[in-house]
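Below is one structure, written out as structure tokens; comments come after it.
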Amino acid sequence: MIQKLNKILAGFLVFLMAFIVLSVLWQVFSRYVMNSPSSFSEELARYLFIWIGILGAAYASGQQTHLAIDILPPKLNANNRIKLRVGINILIILFCLTALVIGGGNLVYINYDLGQHSAALNLPLYVVYLVLPLSGLIIIGYKVNEILNPEKYLV
């Protein structure tokens, strides 16, 4: 299941990266070659960058490539290292649940309720903010998997 999530998330991030490159290339081409800057590509690139950054952080969390200070774990035995890892993962789950899922969900709901749209793309802004609860759920899924299989992720 986690391998499938990794493949889907990695593929989606590659797609978003390709799309942002095309958007920026179109902006540069339309500005300098056609002397008529595109009205939508800058906003599209901004929103794609938000999605890439937040989903990329979720992906990095699942791949164990996020920034970490590991002064304490190497000094502990394997059993205590697992307990420390489980405790840290519980704290990460609580943070993601409150900040990303609940807070991001409220942000999505408020923007949906207000009916706000972006200026150039006329995109509903709740679609842009939907990445917050989505990435929060992905991180929670990764961390629950780590708690259930602690020996697999032992440093």
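At full extension, GLN3 and ALA60 could sit 19.2 nm farther apart than now, given 0.36 nm per residue minus the alpha carbon distance. When only alpha carbons are used to place a centre, region 23-78 and region 86-155 end up 16 Å from one another. With contacts taken as Cα pairs under 8 Å and at least 6 residues apart, region 27-155 reaches a relative contact order of 32 percent. Here's the picture: charge each Lys and Arg Cβ at +1 and each Asp and Glu Cβ at -1 in region 11-121, and of SER23, VAL101, ILE50 the one pushed furthest to the positive end of that dipole is VAL101.
For the chain, the carbon plus sulfur part of the accessible surface works out to 71%, probe radius 1.4 Å. Taking the alpha carbon gyration tensor of the chain, multiplying each eigenvalue by 5 and rooting it gives semi-axes of 37, 19, 12 Å, largest first. Rounded to the nearest 20, the Cβ-based charge dipole of the chain about its Cα centre (Lys and Arg +1, Asp and Glu -1) stands at 500 debye.
What ratio of Cα Rg to 2.2 N^0.38 Å holds for region 51-142?
That ratio works out to 1.38.
Ignoring aspartates and glutamates fewer than eight residues from LYS83 along the same chain, the ones with Cα atoms less than 15 angstrom from its Cα are ASP70, GLU146, GLU151. From the residues LEU5, LEU130, ILE110, which one has its Cα farthest along the dipole of region 1-133 in the positive direction, the dipole being from +1 and -1 charges on Cβ of Lys/Arg and Asp/Glu about the Cα centre? Checked the options; the winner is LEU5. Relative to the 2.2 N^0.38 Å rule of thumb, region 1-89 has a C-alpha radius of gyration ratio of 1.65.
At a probe radius of 1.4 angstrom, the accessible area of the chain per residue rounds to 63 square angstrom. Relative contact order of region 1-59: 41 percent, from C-alpha pairs under 8 Å at least 6 residues apart in sequence. For region 72-143, the relative contact order comes to 36 percent (Cα pairs under 8 Å, sequence separation of at least 6).
The values are calculated or read from the model by the stated rules, or taken from the named source; none is laboratory data. Since the model is a prediction, treat every value here as computed from it, not as a measurement. Methodologically, a virtual Cβ is constructed for each residue, glycine included, from the backbone with ideal geometry; neighbour enumeration extends over all protein chains shown. SASA here: full protein model, heavy atoms, side chains in, ligands and nucleic acids out. Shrake-Rupley method; radii C 1.70, N 1.55, O 1.52, S 1.80 Å.
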